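The values are calculated or read from the model by the stated rules, or taken from the named source; none is laboratory data. Since we're looking at a predicted model, the values are computed, not measured. Cβ: placed from backbone, ideal geometry, glycine included. Neighbour counts: every protein chain shown.
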């Protein structure tokens with residue numbers, strides 16, 4: 001079984017670092033506007049939907065163990081409001097590394113299987 005570790009750079013989102021007063025003194029905070037960052041309010045929390053893309057091993061930095069890059073995943077409606085250029089310009093939020101029994105996808109994994117001539121039902 002593989003394990004995944006990674007980092008998300010919250011500074012890639014629209015936000016501001018502010019020093020606010022806490023009960024024990026000043027506290028550094030990172031304030032994120034919810035709608036500007038397309039965050040999703042669910043019944044049990046506030047979510048940042050993400051999607052990971054595998055990094056081509058041939059293009060990977062030899063010093064890096066990162067196997068995937070992470071971008072924000074937007075709803076179909078939000079993507080429809082953006083140009084193709086705006087979608088491509090969305091920042092990379094971070095990276096992931098798969099540890100253990102990880103095998104990158106190969107072209108053979110993506111080949112189509114022959115069509116079934118007779119349906120089993």
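Would you tally the residues in the stretch 60-75 being at pLDDT 90 or above and within 26 Å of residue 41 (Cβ to Cβ)? So the count comes out to 5.
Output the residues belonging to the stretch 11-28 that are within 30 Å of residue 69 (Cα to Cα) and in contact with a strand residue (DSSP E or B) (Cβ under 6 Å, 6 or more places away or on another chain).
Residues of the stretch 11-28 that are within 30 Å of residue 69 (Cα to Cα), as a first pass: 11-18, 28.
Listed by number, the residues that qualify are 15, 16, 17, 18, 28.
Residues checked against (1) more than 13 Å from the chain's Cα centre (by Cα); (2) surrounded by fewer than 11 Cβ atoms within 10 Å (Cβ to Cβ):
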| site | (1), (2) |
| --- | --- |
| 9 | no, no |
| 19 | yes, yes |
| 24 | yes, yes |
| 40 | yes, no |
| 50 | no, no |
| 54 | no, no |
| 60 | yes, no |
